[in-house]
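Taking it in order: structure first as structure tokens, then the write-up.
Every number here is computed from the coordinates shown, using simple stated rules; none is lab data. As the structure is a prediction and not an experimental result, all values here were calculated from the model. Neighbour counts run over all protein chains shown; Cβ positions are idealised from the backbone, glycine included.
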Amino acid sequence: MKVHLAGHLSWYPPQKSSWFEMEAPPQTKVENLLEQLGVPLAEVAVILVNGKLTDVNGEFLCNEDVVEIFPPIAGG
């Protein structure tokens, strides 16, 4: 699957990249993906799977999916 970690979320996984590809093990949900990448759930505000809004316990992911994860908006 293609994964996009927006903003500071790209600092969490080892590859330190905002866009990357990875395999989705069977029965993987967004919550499992976040745990695997080391991204704290408290840091996530918006999750899109194939362009559609979802939550951490939404549908199971597959290798053809595009998952985009965004933190809360902050700044000055």
Discussion item. Residues that are touching a residue at least 40 places away in the same chain (Cβ under 8 Å) and either among the hydrophobic types (A, V, I, L, M, F, W, C) or under 19 Å from N63 (Cα atoms) (or both): does segment 31-47 have at least one?
Written reply: no
Discussion item. From the list K2, K16, exactly one residue is among the basic types (K, R) and free of Cβ contacts under 8 Å to residues at least 40 places away in the same chain. Which is it?
Written reply: K16
Fill in: Test: E21 is touching a Lys or Arg at 6+ places or on another chain (Cβ under 8 Å) and of a type in the set (D, E)
yes
Practice prompt. Select the strands (runs of 3 or more DSSP E) contained entirely in the chain, then report the ones holding at least 1 residues which are surrounded by 14 or more Cβ atoms within 10 Å (Cβ to Cβ) and of a type in the set (V, I, T).
Written response: 2-5, 46-49, 52-54, 66-70
